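There's a structure below that I have some questions on.
The values are calculated or read from the model by the stated rules, or taken from the named source; none is laboratory data. If you're wondering where the values come from, they're calculated on a predicted model, not measured in any experiment. Reconstructed Cβ throughout: ideal geometry from the backbone, glycine too, with neighbour counts over all protein chains shown. Just the protein is used for accessible areas: all its heavy atoms, side chains included, with ligands, DNA and RNA removed. Shrake-Rupley method; radii C 1.70, N 1.55, O 1.52, S 1.80 Å.
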Amino acid sequence: MRGSDSSRRFSQALTFGAALALYAAGAQGAGTPIPHGTLELVAENRWVTPGHGFSLGLHFQLESGWHIYWVNPGDSGEPPRVTWQLPPGLNPGEIEWPAPRRLRTSSIVDFGYEDTVMLIVPVHAETSLAAQPIARLGAEIRVLVCREMCIPGRTQLSLTLPVKSRPPAPDVRTRELFAAARKDLPRPAPQNWKFSVDEAKDSFVLAANPGAQIRQAVFFPLAEVQIDNSAPQILQPLATGFRLTLRKSDQLLKPIKRLKGVLVLSGNQAYLIDAPVSKRGAQKNDSTSRIHKIQSSREEPQK
């Protein structure tokens with residue numbers, strides 16, 4: 001009898017252990033190799049609740065000196081591309097990109113991430129998902145990993161989460177990952193900050209009045225070929241703000257109406273910028289040029 005009870009308990013323990021292992025694999029998938037790093041698909045919650053949104057994360061860990069790219073890669077490269085394979089009723093949103101860094105190599109400047117970074121993807125779960133006991137999530141990722149050379153990679157990630165009618169519960173194993181990633185997300189600028197962009201012949205001048213002097217600022221444009229990425233960004237601190245001069249890209253072929261992007265200030269404070277572009281600077285420069293031409297013609301000796 002004792003032997004039979006021991007065998008039964010041992011079998012139950014094996015079953016319980018296998019269930020725990022399956023849950024652990026579902027809640028946080030194992031890291032998958034990519035060129036010079038690993039990539040992992042993780043979930044913020046322990047299960048999916050129909051009618052409630054949740055977040056997934058693409059957690060990159062890169063070898064020292066290697067990088068991947070922001071949504072605007074800068075002078076070269078391309079950002080990670082994701083193709084989702086989700087069950088009906090799960091709808092992924094746009095990637096939430098952390099503030100990037102300027103990555104200078106020789107004569108070009110790229111925008112991207114080194115070491116470790118996580119891209120957050122919000123997902124909406126429809127109420128119709130309640131008919132399914134589990135949700136199998138898949139994603140094909142294409143990524144370009146670069147240092148002095150670039151290596152393309154492609155990998156398939158998967159994650160299985162239970163579907164429950166109970167309120168969502170955070171997963172303690174991924175809580176810190178998501179908290180750290182959200183700290184790096186640019187946030188909307190305070191409403192009392194007034195942004196303006198004056199367009200000159202060869203530059204944009206981004207000005208703001210946050211109410212305090214700013215001594216460090218870097219702007220990352222959301223769209224490509226708007227500014228010269230490798231050119232110095234000239235900061236002029238003011239008593240209650242700043243003016244930041246951005247040289248235009250020589251590939252910018254038509255005027256832009258708004259300048260959108262991320263502004264990183266001292267202390268790595270990152271803000272989303274969406275400011276209308278005014279022609280006042282260009283008109284001022286044109287008027288100044290005409291005045292100089294008139295003065296020069298008056299000073300020319302008469303023949």
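If I filter the stretch 225-257 down to residues being in contact (Cβ under 8 Å) with a residue 24 or more places away in the chain and charged (D, E, K, R), which single residue comes out as nearest to Gln213 (Cα to Cα)?
Arg243
Quick one: in the stretch 110-138, of everything that is charged (D, E, K, R) and assigned to a strand (DSSP E or B), which residue is least open to solvent (accessible area, probe 1.4 Å)?
Asp110
May I ask you to verify whether Ser158 is in a strand (DSSP E or B) and open to solvent by 80 Å² or more (accessible area, probe 1.4 Å)?
Against the criterion (in a strand (DSSP E or B) and open to solvent by 80 Å² or more (accessible area, probe 1.4 Å)), Ser158 qualifies.
Same structure, new question: Filter the stretch 166-195 for residues that are in contact with a Ser or Thr (Cβ under 7 Å, 6 or more places away or on another chain) and in a loop (DSSP other than H, G, I, E, B); which is surrounded by the most Cβ atoms within 10 Å (Cβ to Cβ)?
Pro168
Checking Ser106 against (1) more than 19 Å from Thr160 (Cβ to Cβ); (2) surrounded by 15 or more Cβ atoms within 10 Å (Cβ to Cβ), which test does it fail?
(2)
Among the residues of the stretch 196-236 satisfying the criterion of being among the acidic types (Asp, Glu) and open to solvent by less than 80 Å² (accessible area, probe 1.4 Å), which is nearest to Val264 (Cα to Cα)?
Only one residue fits best here, namely Asp228.
Further question on the same structure: What tally of residues in the stretch 237-254 results from selecting those that are hydrophobic (A, V, I, L, M, F, W, C) and in a strand (DSSP E or B)?
Here the count works out to 4.
Would you be able to say whether some residue in the stretch 246-269 is farther than 27 Å from Leu119 by Cβ, basic (Lys, Arg) and open to solvent by less than 90 Å² (accessible area, probe 1.4 Å)?
yes
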